[in-house]
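The next block holds one structure in the form of structure tokens; read it before the comments.
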Amino acid sequence: MENLLKLVKKKTPVWFMRQAGRYLPEYRNIRQKEKNFLDLCFNSDLAAEISLQPIKRFNFDFIILFCDILVIPYALGKKVDFKEKIGPILEKTKKADEFRNLDYEVALNNLTPVMKTIKKIKKENIKTNLIGFCGGPFTVLTYMLEGGTSKNHLFVKKKIKEEREDFEKLIDIITELSIKYLENQIISGVNLVKVFESWAGLLDGKDYEDFIVKPNKKIQESLKKKFPSTPLIFFPRNSGKNIFAFLKNIEIDVLSLDKNFPKEILTLSEEKKIILQGNLDPQILIEGGKKLEDEVKKIMIEFSNNNHIFNLSHGISPITPIENVEKTIELIRKVNEARKSH
Ligand code: CP3
């Protein structure tokens with residue numbers, strides 16, 4: 001944690017969610033080499049190369065491991081496919097009992113290519129911090145129950161209502177495996193870890209406590225016990241006011257912010273010494289021009305009293321013009337320079 005604090009005290013570092021992806025021609029080029037997206041994630045040579053592409057092009061301050069949150073259902077023995085223009089398609093999970101014979105070590109073995117990718121990245125670039133990640137247990141479970149991306153999450157809502165105990169068992173299984181997976185990532189060389197709880201905004205009240213706070217807290221506590229110096233980033237997207245329950249219960253190092261976070265977070269994080277990460281709207285990054293320039297400056301000012309890592313409020317869109325990314329980074333670095341000389 002000291003190293004990260006030192007970095008953010010010196011300047012506002014920058015990286016983008018999904019920085020390794022389809023808006024880059026060099027990514028689209030490699031993408032063609034594997035038909036199946038998961039095969040690309042598990043091809044350590046290519047995955048390491050893709051992870052480093054945005055660093056070579058933009059000199060971002062962090063590398064994020066190229067992989068996906070849906071490798072967990074795959075490791076649990078479920079079929080996971082990615083269809084162009086549709087998104088992920090998963091073999092549906094119905095009951096926790098489907099995993100009665102689960103051996104966590106066997107499941108983890110399915111993810112050893114990811115560890116190989118991490119070692120490769122560190123071998124090629126030792127100086128840039130590498131972020132490992134997994135999905136939040138609830139978010140991963142939504143994909144498993146719905147069989148893909150869902151608009152209304154009917155299966156999830158029905159299951160929480162009618163089979164709450166079974167839902168809890170499934171969350172526990174995913175949490176357990178995710179912790180072991182992240183531990184392996186840290187042992188293999190990642191410097192920070194991020195948990196993407198992208199669908200946290202679906203839940204409220206006791207459901208939010210049980211299925212968002214509890215599992216994320218378990219991940220935080222387990223990792224801190226074994227790896228106290230590895231910073232942990234949490235992204236409970238669209239939590240709204242529930243974010244206060246999240247922060248009250250979990251001692252997090254970095255909070256990744258979406259577009260609509262409650263502004264009290266700014267003072268609360270200052271008091272709690274939480275680093276804030278965010279939160280440029282990817283839509284404005286697509287539009288560019290003066291609007292983008294104004295928004296970047298506004299964000300730099302808004303977070304100037306906090307320890308801040310510049311990022312987006314969600315993943316970068318494939319139609320983002322590269323020059324807008326360049327301009328944004330340039331502007332952030334200019335502000336950093338101006339502050340240094342003050
Ligand atoms: O650059 C990075 O951020 C690292 C790699 C990364 C990917 N996915 C690569 C990817 C990370 C951190 C993720 C996280 C992820 N994956 C999340 C959480 C963040 C979020 O966006 O809310 C979720 C929900 C997923 C699941 C997922 N993966 C979906 C819904 C899709 C399809 C939608 C889409 O953008 O196509 C993916 C596919 C995916 N993951 C791609 C990439 C680069 C595109 C696939 C391709 O190139 O064919």
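Between segment 249-296 and segment 1-75, the alpha-carbon centres lie 21 Å apart. Quick one: helix 214-226 against the long Cα principal axis of the chain, what's the angle to the nearest 10°, folded into 0 to 90? Helix 214-226 sits roughly 70 degrees off the main axis of the chain.
Equivalent-ellipsoid semi-axes (√(5λ), Cα gyration tensor) for segment 72-132, whole Å, largest first?
On the way: eigenvalues 165, 65, 14 Å².
Equivalent ellipsoid of segment 72-132: 29, 18, 8 Å, largest first.
When the square roots of the Cα gyration tensor eigenvalues are ordered a ≥ b ≥ c, the ratio a/c for segment 235-342 is 1.5 or more and a/b does not exceed b/c, which makes its shape oblate.
Note on the chain: Cα-only Rg and Dmax are 19.3, 62 Å. Within segment 168-255, the GluC sites (Glu not before Pro) that combine a DSSP coil assignment with at most 13 other C-beta atoms in a 10 angstrom radius are Glu251.
For the set Lys157/Lys226; Lys122/Lys290; Lys224/Lys273; Lys159/Lys225; Lys217/Lys327, the pairs lying more than 28 angstrom apart at their alpha carbons are Lys157/Lys226; Lys122/Lys290; Lys159/Lys225; Lys217/Lys327.
Can you put Glu330, Glu165, Glu293 in order of accessible area, largest first, using a 1.4 Å probe?
Values: Glu330 110, Glu165 135, Glu293 65 Å².
Order by accessible area, largest first: Glu165, Glu330, Glu293.
Taking the C-alpha atoms only, the angle from helix 44-58 to the longest principal axis of the chain is near 20 degrees.
Taking K and R as +1 and D and E as -1, what net charge do the other residues with C-beta under 15 Å from the C-beta of Lys218 add up to? Walk me through the intermediate numbers first.
On the way: positive: Lys169, Lys180, Lys214, Lys217, Lys224, Lys225, Lys226; negative: Glu168, Asp172, Glu176, Glu183, Glu197, Glu209, Asp210, Glu221, Glu251.
Neighbourhood net charge equals -2.
Just reorder His314, His342, His308 by solvent-accessible area, largest first, 1.4 Å probe, all chains present. Working shown, then result.
Numbers: His314 75, His342 195, His308 5 Å².
Result of the area sort, largest leading: His342, His314, His308.
Over segment 173-250, average the accessible area per residue using a 1.4 Å probe and give it in Å², no decimals.
Working: 2810 Å² over 78 residues.
It amounts to 36 Å² per residue over segment 173-250.
If you roll a 1.4 Å probe over the chain with all protein chains in place, what percent of the accessible area is carbon or sulfur? Don't skip to the end; give the middle numbers.
Working: 8010 of 15990 Å².
Carbon-and-sulfur percentage of accessible area, whole number: 50.
Of the whole protein surface, Lys334 contributes about 130 Å² of accessible area at a 1.4 Å probe radius.
For Phe133, the residues 5 or more places off, or on other chains, whose built amide H falls under 5 Å of its own are Lys194. Lys157 contributes about 110 Å² of solvent-accessible surface, heavy atoms of the protein only, 1.4 Å probe. Each label was represented as a point 7 Å from its Cα along the Cα-to-Cβ direction; for Asn109 and Asp81 these points are 2.7 nm apart. Placing unit charges on the Cβ atoms only, positive for Lys and Arg and negative for Asp and Glu, gives the chain a dipole magnitude near 620 debye about its Cα centre. Subtracting the Cα-Cα distance of Glu330 and Ile301 from their residue separation scaled by 0.36 nm leaves 8.8 nm.
Per 0.36 nm of contour for each residue apart, how much would the distance between Lys157 and Lys6 grow if the chain were fully extended, relative to their Cα-Cα spacing? Can you show the working numbers first?
On the way: separation 151, 0.36 × 151 = 54.36 nm, distance 4.33 nm.
Result: 50.0 nm gained on full extension.
Each residue was assigned an accessible area with a 1.4 Å probe, and for Ile126 the value is about 140 Å².
The angle separating the long axis of helix 164-188 from the principal Cα axis of greatest extent in the chain is about 50 degrees.
Just the number please: accessible area per residue for segment 14-79, 1.4 Å probe, all protein chains included, in Å². Intermediate results must be reported in sequence, preceding the final value.
Values: 2560 Å² over 66 residues.
Averaged over the residues of segment 14-79, the accessible area is 39 Å².
Karplus-based coupling profile of segment 328-337, in residue order and whole Hz: 4, 5, 4, 5, 4, 5, 5, 4, 4, 4, with θ = phi - 60° in 6.51 cos²θ - 1.76 cosθ + 1.60 and x standing for Gly or Pro.
Among Gly315, Ala245, Ile69, which residue has its Cα positioned farthest towards the positive end of the charge dipole of the chain, with +1 placed on the Cβ of Lys and Arg, -1 on the Cβ of Asp and Glu, and the dipole taken about the Cα centre? So the residue furthest toward the plus end is Gly315. Charged neighbours of Leu24, selected by a Cβ distance under 14 Å, balance to +2 (K, R count +1; D, E count -1).
For Asn125, neighbours were defined as the other residues whose beta-carbon sits under 14 Å from its Cβ, and their charges (Lys and Arg +1, Asp and Glu -1) total +4.
The values are calculated or read from the model by the stated rules, or taken from the named source; none is laboratory data. Small disclaimer: the values here were computed from a predicted structure and weren't measured. Every residue, glycine among them, receives a Cβ derived from its backbone with ideal geometry; neighbour counts consider all protein chains shown. When the accessible area is computed, the model is the full protein with side chains, heavy atoms only, and any ligands, DNA or RNA have been set aside. Shrake-Rupley method; radii C 1.70, N 1.55, O 1.52, S 1.80 Å.
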